[in-house]
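Take a look at the structure below.
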Amino acid sequence: FRFKDSLAEDLRRADLVISHAGAGSCLETLEKGKPLAVVINEKLMNNHQLELAKRLHRGGHVLCCNCSTLVETLQSMDLSTLKPFPPGQPEKFALFLDKVVGFQ
Amino acid sequence: AGGHTTEILRLLSCLSESYSPRHYIFADSDKMSEAKIRSFEQKRAETFSNSQFTLDRIPRSREVRQSWTSSVVTSLYSILYSLPLTYRLKPDLILCNGPGTCVPVCICALLLGLLGIKRAIIVYVESICRVETLSLSGKILYYFSDYFIVQWPDLKEKYPKSVYLGRIV
């Protein structure tokens, strides 16, 4: 398929997700606790997409590779080494904003 | 636009109903944000009975990688366009998270403040995608916002006046 409104259902059923380094794709997958292999295409990507992918990789949250190393990465991967990436906490933002605005 | 809309709706998800009415402003070229916003507000209306919100579109100030000189022209146009809208809304609080769309509105709000018409609190939340560098909107609004929130410690180090609350989306 080319575009779906939501990948939530596909994500739920997946055992492994292979994705480009788009932030939405990465974060949505990680939130659902699915293992993620990020494929980086440095020629195509904006520099800032790379920032998040690199950080996630450094933190041990995702597998990282490029198009040519994808197969070898999948063959030798050990998903148990991946660390969970807990979702963000908008409650902290709400607390902060309440103080800023004076609702307490 | 796109990821920005998703992020900002997450930021709004825990806000109390005191933050009302909510005025959403997005780019005229944006096809998907309206649906996401309506869906968010619809869900919200299930919990809070008096949910009020409006939607407004403004011309996009700058396309990705648009040249510097043409960006100045399109940005000026967006600012002029946004002025009557900002004046009409007279917001108490502006919450933005990085699309080019937010800069003209903030500039108009600053102008209204300088003219003594209405002083808005400007809160900017840089996108979670920004780990090491700020977006262009961020670089501009770092100096003009009242509160500048970043979501990674590297940025807090580079931009000491920013606020770091951890990951909030």
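The values are calculated or read from the model by the stated rules, or taken from the named source; none is laboratory data. Computed from a predicted structure; not experimentally measured. Methodologically, a virtual Cβ is constructed for each residue, glycine included, from the backbone with ideal geometry; neighbour enumeration extends over all protein chains shown. What goes into the accessible areas is simple: the full protein's heavy atoms, side chains included, and nothing from ligands, DNA or RNA. Shrake-Rupley method; radii C 1.70, N 1.55, O 1.52, S 1.80 Å.
Normalised per residue, the accessible area of segment A:1-92 is 63 Å², obtained with a 1.4 Å probe and no contribution from ligands, DNA or RNA.
Pairs of Cα atoms nearer than 8 Å and 6+ residues apart set the relative contact order; for chain B it is 17 percent.
The portion of the accessible surface of segment A:33-104 made up by carbon and sulfur, rounded to a whole percent, is 55 (1.4 Å probe; DNA, RNA and ligands excluded).
In segment B:12-34, whose amide N lies under 16 Å from the spot 7 Å out along Cα-to-Cβ of B:Thr47? List them in ranges. From segment B:12-34, the list is B:12-20, B:22. Each residue of segment A:62-79 was assigned a 3J(HN,Hα) from its phi angle through the Karplus curve 6.51 cos²θ - 1.76 cosθ + 1.60 (θ = phi - 60°); the sequence is 9, 7, 10, 7, 10, 4, 6, 9, 4, 4, 5, 5, 5, 5, 9, 6, 10, 5 Hz, with glycine and proline shown as x. Taking all protein chains together, B:Val105, A:Val101 sort by accessible area into A:Val101, B:Val105, largest first [probe 1.4 Å]. Database note for the protein assembly as shown: Cys without another Cys beta carbon under 4.7 angstrom, A:Cys26, A:Cys64, A:Cys65, A:Cys67, B:Cys14, B:Cys106, B:Cys108, B:Cys129. By the rule of a C-alpha distance below 17 Å, with chain neighbours fewer than 8 residues away ignored, the lysines paired with B:Lys118 are B:Lys90. Per residue, chain B exposes an accessible area of 51 Å² to a 1.4 Å probe, with every protein chain left in place.
Test of understanding: extend the Cα→C-beta vector of A:Ile18 to 7 Å, then name every residue of segment A:26-44 with backbone N under 19 Å from that spot. Zone members listed by number: A:26-27, A:29-30, A:34-44. When only Cα pairs below 8 angstrom with a gap of at least 6 residues are kept, segment A:7-101 shows a relative contact order of 25 percent.
Near the amide H of A:Ile18, within less than 5 Å, lie the amide hydrogens of A:Ala37, all on another chain or at least 5 residues away, with H placed in the peptide plane.
Computing the accessible area with a 1.4 Å probe over protein heavy atoms, can you report the carbon and sulfur percentage for chain B?
60 percent
One chain, two ends: B:Ser18 and B:Leu114. Fully extended at 0.36 nm per residue, the span grows by 31.9 nm beyond their Cα-Cα distance.
Couplings 3J(HN,Hα) for segment A:18-30, derived from phi with the Karplus relation 6.51 cos²θ - 1.76 cosθ + 1.60 (θ = phi - 60°), are 10, 9, 6, 8, x, 4, x, 4, 4, 5, 4, 5, 5 Hz, where x marks Gly and Pro. Rolling a 1.4 Å probe across all protein chains gives A:Val100 an accessible area of roughly 30 Å². Spin-label model, B:Asp56/B:Lys139: points 7 Å from Cα along the beta carbon direction are separated by 2.8 nm. For segment A:35-104 and segment B:16-89, compute the distance between their C-alpha centroids and round to whole Å. Computed from Cα coordinates, the inter-centre distance equals 28 Å. Across segment B:126-136, coupling constants 3J(HN,Hα) worked out from phi with the 6.51/-1.76/1.60 Karplus curve, θ = phi - 60°, read 5, 4, 5, 5, 8, 9, 10, 10, 8, 6, 4 Hz, and Gly and Pro carry x. Under a 5 Å amide H cut-off, with hydrogens placed 1.01 Å from N, B:Glu132 pairs with nothing among residues at least 5 apart or on other chains. Using a probe of 1.4 Å, the accessible surface attributed to A:His57 totals some 90 Å² when neighbouring protein chains are kept in position.
Buried between B and A is an accessible area of approximately 2500 Å², summed over both sides with a 1.4 Å probe. Projecting the Cα positions of B:Leu11, B:Val125, A:Ala21 onto the charge dipole of the protein assembly as shown (unit charges on Cβ atoms of Lys, Arg, Asp and Glu, taken about the Cα centre) puts B:Val125 furthest along the positive direction. Across B:Glu132, B:Glu41, the residue with the most accessible area heads the list, and the full order at a 1.4 Å probe is B:Glu132, B:Glu41. Only protein heavy atoms count here; on that basis, with a 1.4 Å probe, B:Leu136 has an accessible area of about 90 Å².
Among the residues of segment A:59-104, those with an accessible-area drop of 30 Å² or more from chain alone to full protein complex, heavy atoms and 1.4 Å probe, are A:Phe85, A:Gly88, A:Pro90, A:Lys92, A:Phe93, A:Ala94, A:Phe96, A:Leu97, A:Val100, A:Val101, A:Phe103. Under 5 Å between amide hydrogens, built in the peptide plane, is the criterion, and for B:Lys118 it picks out B:Gly113 among residues at least 5 positions away or on other chains. Of B:Glu7, B:Glu17, A:Glu31, B:Glu63, the order by accessible heavy-atom surface (1.4 Å probe, DNA, RNA and ligands excluded), from most exposed downward, is B:Glu63, A:Glu31, B:Glu17, B:Glu7.
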